[in-house]
Amino acid sequence: MQTGDVVELILQDHRRMEELFRTLRNVEADRAAALEEFAHLLIAHASAEEDKVYPALRRYKNVDDDDVEHSVHEHTEANEALLALLEVEDVTSQEWEDKLEQLVTAVNHHADEEERTLLNDARENVGDDRRAELGTAFREARAQYLEDGCGNVENVRKLVDSRS
């Protein structure tokens, strides 16, 4: 089912990331392909949130600005963990497993917090029409980031470097 509600679109991405984590943890799976999809999805998702969704949510008095800032900080942590995993060449190594778990922890923590704070606040305080407008903006920005190959290791490195 195709939805336009920004909250539902974000939740769909969170569920897809969870599916990809299951694949990444499976030694029989094509981990490199799953990581490539995950990297592009994570960067496109977070960038679209920061470009289109978070600035709009800041304008609602019942949405906590500190929650928005915290989410941006957690995106940075997730990007750092993603870069660390992307830089490990051997997907069968213990180092890869360790970096994967650090990434899983960072992303799952962020998704859980975002769902309990920002997304619930958006559901309660942002009208259906506005959530649909934000959904369109989020989907378009996300698609552009994906088209631009945002999850490649060079771009992730630039993102991490620009925030440190």
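Kindly list, by first and then second residue, each pair from a residue in region 143-164 that is more than 18 Å from D51 (Cβ to Cβ) and touching a residue at least 60 places away in the same chain (Cβ under 8 Å) to a residue that is of a type in the set (D, E) and open to solvent by 90 Å² or more (accessible area, probe 1.4 Å), limited to pairs with Cβ atoms under 9 Å and residues at least 6 apart or on different chains.
N152/E36; V153/E87; R157/E87
Cβ-Cβ under 8 Å, sequence separation 6+ or interchain: first residue in region 47-68 and in a helix (DSSP H, G or I), partner open to solvent by less than 80 Å² (accessible area, probe 1.4 Å) and basic (K, R). Which pairs?
Close Cβ pairs satisfying both conditions: S47/R142; A48/R142; A56/R130.
Could you list, in sequence order, the residues of region 15-26 that are surrounded by fewer than 14 Cβ atoms within 10 Å (Cβ to Cβ) and closer than 12 Å to L100 by Cα?
Selection gives R22, N26.
One line per residue, one yes/no per condition, for (1) closer than 21 Å to V63 by Cβ; (2) at pLDDT 95 or above; (3) small (G, A, S); (4) not in a helix (DSSP H, G or I):
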| position | (1), (2), (3), (4) |
| --- | --- |
| E95 | no, yes, no, no |
| T105 | no, yes, no, no |
| N108 | no, yes, no, no |
| L118 | yes, no, no, no |
| A122 | yes, no, yes, no |
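Starting from region 7-31, keep only residues that are within 20 Å of Q94 (Cβ to Cβ), then list their pairs with residues that are open to solvent by 80 Å² or more (accessible area, probe 1.4 Å) and of a type in the set (S, T, N, Q) whose Cβ atoms are within a distance under 9 Å, requiring at least 6 positions of separation or different chains.
V27/T92; R31/T92
Okay, residues lined up against (1) in contact with a Phe, Trp or Tyr (Cβ under 8 Å, 6 or more places away or on another chain); (2) within 18 Å of G151 (Cβ to Cβ); (3) not aliphatic (A, V, I, L, M):
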{"site": "E49", "(1), (2), (3)": "yes, yes, yes"}
{"site": "Y54", "(1), (2), (3)": "no, no, yes"}
{"site": "D64", "(1), (2), (3)": "no, no, yes"}
{"site": "V72", "(1), (2), (3)": "yes, no, no"}
{"site": "H75", "(1), (2), (3)": "no, yes, yes"}
{"site": "E80", "(1), (2), (3)": "no, yes, yes"}
{"site": "V91", "(1), (2), (3)": "no, yes, no"}
{"site": "D98", "(1), (2), (3)": "no, no, yes"}
{"site": "T105", "(1), (2), (3)": "no, no, yes"}
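In region 78-120, which residues are among the β-branched types (V, I, T), open to solvent by 40 Å² or more (accessible area, probe 1.4 Å) and in contact (Cβ under 8 Å) with a residue 60 or more places away in the chain?
V91, T92
The values are calculated or read from the model by the stated rules, or taken from the named source; none is laboratory data. In this text, all values refer to a predicted model and were calculated from it rather than measured experimentally. As a convention, Cβ positions derive from the backbone with ideal geometry for all residues, glycine included, and neighbour counts pool all protein chains shown. What goes into the accessible areas is simple: the full protein's heavy atoms, side chains included, and nothing from ligands, DNA or RNA. Shrake-Rupley method; radii C 1.70, N 1.55, O 1.52, S 1.80 Å.
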